[in-house]
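Novice: Handing you a structure now.
The values are calculated or read from the model by the stated rules, or taken from the named source; none is laboratory data. Please read these numbers as outputs of a predicted model, since none were measured by experiment. Glycine gets a Cβ as well: all are built from the backbone with ideal geometry, and neighbour counts include every protein chain shown. These area figures cover heavy atoms from the full protein model, side chains too; ligands, DNA and RNA do not enter into them. Shrake-Rupley method; radii C 1.70, N 1.55, O 1.52, S 1.80 Å.
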Amino acid sequence: MILVTGGAGYIGSHAVLELLLAGHDVLVLDNLCNSSRQAIERVEYLAGRPVNFVKGDVRNRPLLNALFAAYPIGAVMHFAGLKAVGESVREPLRYYETNVSGSIALCQAMAEAGVFRLVFSSSATVYGETSVMPISEQCPTGVPTNPYGQSKLMAENVLRGLANSDPRWSIGLLRYFNPIGAHESGLIGEDPNGIPNNLLPYMLQVAIGRRKELNIFGNDYATPDGTGVRDYIHVVDLVKGHLRALERLEDTTGVHVWNLGTGQGHSVLEMVRALEEVSGRTIRYSIKPRRPGDIAQCWSDPRKAWSELGWRAERDLRTMLADAWRWQLQNPRGYTVEKKVPAALAS
Ligand code: NAD
Ligand code: WQD
């Protein structure tokens, strides 16, 4: 059985589905602070199998101990965490406590239970500002410009220290680039609270008419059209990478870092045009000053994951956007307000 912390969230719910489809039993631990129980119900529907779900906090050691005692957990995928960059600047302690102390509590409980295989959600943000593209795993980690990024780097360092201290640990640090898209069914996807911080959810809400226009943060970067360039990766490709990492960690020990990206960069304006094409809607935008802390461009060298995991991203930008758009159309207000059971679920 695989314990998936944060399994009701955007990436976690897609990972739970992929694990179920691959035949694993899954236990989800999530406090639902940024997600909905509906995501799990929909995953169960899609997989045709139940998920063991416990509402609780990853920092709760007694709860973790009880879960490891009650379920035959063989490995952990650790998604639980807070991820809003701006919020992390305002509430740094909450971010360090959840993302760093939460990871420590989890590892303590794992060690006590004799479970040493862990896949950790890290982020390309740990590379900080680097001008050498593409970014490979050999690129030194930098100085993330906000507490969120710092918390991810700190958690990585905690896990490295742990693996150095005890050869039984087998840990994968998966550095995501920019996950977007949704499951092709349109039943699970990203459901941000309030005003979205990230490009894709914001653009989708403009396309569907919930917001007037997109603010493009800067068109004077040293990029082909002046707008920021990122490596967007389909969330289903991303979670498939987690399953390969989980398998690989079964026959190796120590810490392994793998970039999960496509290796291709796309600018904000390219994203706008591509979503217009896919959705048939016009996306109004206006150019605004650069967003503090943003870098001009960032894309991965994904070759290490290919050579060591036999994994690479397969879905192109059009598919990412078509799947994201389907999710948005079918769930215009996400899970929270969308209490009605979608037609596909009712049948
Ligand atoms: P998400 O907010 O949708 O999912 C995180 C889940 O963790 C949520 O369901 C939330 O309720 C849960 N959670 C938060 N604090 C918890 C706690 N203390 N105890 C138990 N559950 C808790 O975010 P996501 O986009 O699915 O991200 C998953 C992981 O991937 C996070 O660790 C995030 O930092 C990392 N990551 C995300 C991105 C991205 O762009 N989405 C990029 C790089 C890394
Ligand atoms: C992408 C591009 C913006 C919104 C962040 C975190 C990172 C990781 C992923 C978790 C940039 C531009 C955006 C908008 C815009 N998260 N943009 N208007 O900044 O690459 O990464 O999410 O680990 O840690 O920092 O992603 O989607 O916010 O921005 O013009 O309303 O879109 O300037 O060029 P980013 P993003």
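Novice: Do you know which residues across segment 61-93 are surrounded by fewer than 16 Cβ atoms within 10 Å (Cβ to Cβ) and within 19 Å of the chain's Cα centre (by Cα)?
Specialist: Of everything in segment 61-93, just one residue is surrounded by fewer than 16 Cβ atoms within 10 Å (Cβ to Cβ) and within 19 Å of the chain's Cα centre (by Cα), namely Gly86.
Novice: Please identify the pairs in which a residue from segment 62-83 that is away from ligand 2 (no atom under 16 Å from the Cβ) has its Cβ atom under 6 Å from the Cβ atom of a residue that is open to solvent by 20 Å² or more (accessible area, probe 1.4 Å) and of a type outside the set (D, E, K, R), counting only partners at least 6 apart or on another chain.
Specialist: Phe68/Ala113; Tyr71/Met1; Pro72/Met1; Ile73/Met1
Conditions tested, residue by residue: (1) within 19 Å of Glu190 (Cα to Cα); (2) within 10 Å of ligand 1 (Cβ to nearest atom); (3) of a type in the set (D, E, K, R); (4) assigned to a strand (DSSP E or B).
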residue: His14; (1), (2), (3), (4): yes, yes, no, no
residue: Leu19; (1), (2), (3), (4): yes, no, no, no
residue: Leu29; (1), (2), (3), (4): yes, yes, no, yes
residue: Asn34; (1), (2), (3), (4): yes, yes, no, no
residue: Gln38; (1), (2), (3), (4): yes, no, no, no
residue: Arg42; (1), (2), (3), (4): yes, no, yes, no
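Novice: Okay, next question. Consider Ile2 against the criteria (1) surrounded by 17 or more Cβ atoms within 10 Å (Cβ to Cβ); (2) aliphatic (A, V, I, L, M); (3) out of contact with any His (no Cβ under 7 Å at 6 or more places or on another chain): it satisfies all of them except one. Which criterion is unmet?
Specialist: (3)
Novice: Checking Ala124 against (1) out of contact with any helix residue (DSSP H, G or I) (no Cβ under 8 Å at 6 or more places or on another chain); (2) more than 16 Å from ligand 2 (Cβ to nearest atom): exactly one of these is not met. Which one?
Specialist: Going through (1) out of contact with any helix residue (DSSP H, G or I) (no Cβ under 8 Å at 6 or more places or on another chain); (2) more than 16 Å from ligand 2 (Cβ to nearest atom) one by one, Ala124 breaks only (2).
Novice: Something else now. Can you find even one residue in segment 140-154 that is away from ligand 1 (no atom under 16 Å from the Cβ), among the small types (Gly, Ala, Ser) and not in a loop (DSSP other than H, G, I, E, B)?
Specialist: no
Novice: Whether any residue in segment 92-103 is among the aromatic types (Phe, Trp, Tyr), closer than 18 Å to Ala8 by Cβ and either more than 12 Å from ligand 1 (Cβ to nearest atom) or modelled with pLDDT of 95 or more (or both) is what I want to check.
Specialist: Within segment 92-103, none of the residues are among the aromatic types (Phe, Trp, Tyr), closer than 18 Å to Ala8 by Cβ and either more than 12 Å from ligand 1 (Cβ to nearest atom) or modelled with pLDDT of 95 or more (or both).
Novice: When you go through (1) of a type outside the set (A, V, I, L, M); (2) away from ligand 2 (no atom under 16 Å from the Cβ); (3) in contact with a helix residue (DSSP H, G or I) (Cβ under 9 Å, 6 or more places away or on another chain); (4) within 14 Å of Ala80 (Cβ to Cβ) one by one for His24, which number turns out not to apply?
Specialist: (4)
Novice: Which of the helices (runs of 4 or more DSSP H) contained wholly in segment 238-347 include at least 1 residues that are hydroxyl-bearing (Ser, Thr, Tyr) and out of contact with any Cys (no Cβ under 6 Å at 6 or more places or on another chain)?
Specialist: 268-279, 303-309, 317-330, 334-337
Novice: Report, ordered by the first and then the second residue, all pairs with beta carbons closer than 8 Å, sequence separation of six or more or different chains, a first member in segment 194-213 that is under 16 Å from Glu270 (Cβ atoms) and within 11 Å of ligand 1 (Cβ to nearest atom), and a second member that is acidic (Asp, Glu) and not in a helix (DSSP H, G or I).
Specialist: Correct list of pairs: Leu200/Glu190.
Novice: Could I ask something else about it? Between Ile40, Ile104, which is out of contact with any Leu (no Cβ under 7 Å at 6 or more places or on another chain), open to solvent by less than 20 Å² (accessible area, probe 1.4 Å) and either among the β-branched types (Val, Ile, Thr) or under 22 Å from Leu17 (Cα atoms) (or both)? Steps first, answer last, please.
Specialist: Values: Ile104 fails: open to solvent by less than 20 Å² (accessible area, probe 1.4 Å).
That would be Ile40, the only listed residue that is out of contact with any Leu (no Cβ under 7 Å at 6 or more places or on another chain), open to solvent by less than 20 Å² (accessible area, probe 1.4 Å) and either among the β-branched types (Val, Ile, Thr) or under 22 Å from Leu17 (Cα atoms) (or both).
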